[in-house]
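First the structure, in the form of structure tokens, and then the observations on it.
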Amino acid sequence: MNQNHKKINFIPSLANIRDEKRLSKIIRKYKPDIIYHCAAFKHVGMMEQFPHECIKNNIQSSINLIKIALEEKIERFVFVSTDKAVNPINIIGVSKRIIEKYVLARNSNDTKFMIVRFGNVLESSGSAIPIFKKQIENGGPVLLTDKRMERFFMTITEAAQLVVQASILGRGGELFVLDMG
């Protein structure tokens, strides 16, 4: 980052989303203008087997980070959600929907909260495309978790642009969705 983007003051910092004290220390030290929160467990099968871990990571850690943002009066907070939160049928969708509701209820004059919700991001680590490709290479069938399921895809660039646009355009309390139809 520092070599390719000389005008950006990039300061790497690594922390576990569950470590509230470490997150608080980092945020107090660097006082960012915007927090982009996208940390979450996303593997549906694993989370269905271990829902308590999904709740601790996706819900409690998010609540802790939101609390820190409010305490430190961070100007903007963008929560990256998922299309699984629309009508949740699994623990990941439920965990993201709970935090969407929590985020919207926390909007304040000091900290503007926005949500960005989208579907499958091509070439991302959580993309279903490699799974579908492998199923096709093996002669099929392509398996979905539900016959009624619809999949929408976007590029990493589109996803990143939506998140940044939300942080710039948002006035607080909005949920942004990319038109993927």
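Readers should treat all values here as calculations from the given coordinates under stated rules, not as data from a laboratory. Nothing here was measured: the structure is a model prediction, and the numbers come from that model. Please note: Cβ atoms are built from the backbone with ideal geometry, for glycine as well, and neighbour counts cover all protein chains shown.
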Which of the residues that make up the stretch 81-93 are buried (at least 19 other Cβ atoms within 10 Å of the Cβ) and either of a type in the set (A, V, I, L, M) or over 17 Å from the mean Cα position of the chain (by Cα) (or both)? Ala85, Ile91, Ile92
Are any residues in the stretch 11-37 exposed (fewer than 12 other Cβ atoms within 10 Å of the Cβ) and within 21 Å of Leu162 (Cα to Cα), and if so, which ones? Asp33
Taking the stretch 45-94 as the region of interest, how many residues are hydroxyl-bearing (Ser, Thr, Tyr) and over 18 Å from Ala128 (Cα atoms)? 2
For residues that are assigned to a strand (DSSP E or B) and among the polar types (S, T, N, Q), scanning just the stretch 62-82, find the one that is nearest to Arg28 (Cα to Cα). Ser81
Which ones in the stretch 1-29 are over 23 Å from the mean Cα position of the chain (by Cα) and hydrophobic (A, V, I, L, M, F, W, C)? Ile8
If you check Ala40 against the conditions, is it part of a loop (DSSP other than H, G, I, E, B), of a type in the set (A, V, I, L, M, F, W, C) and under 27 Å from Leu169 (Cβ atoms)? yes
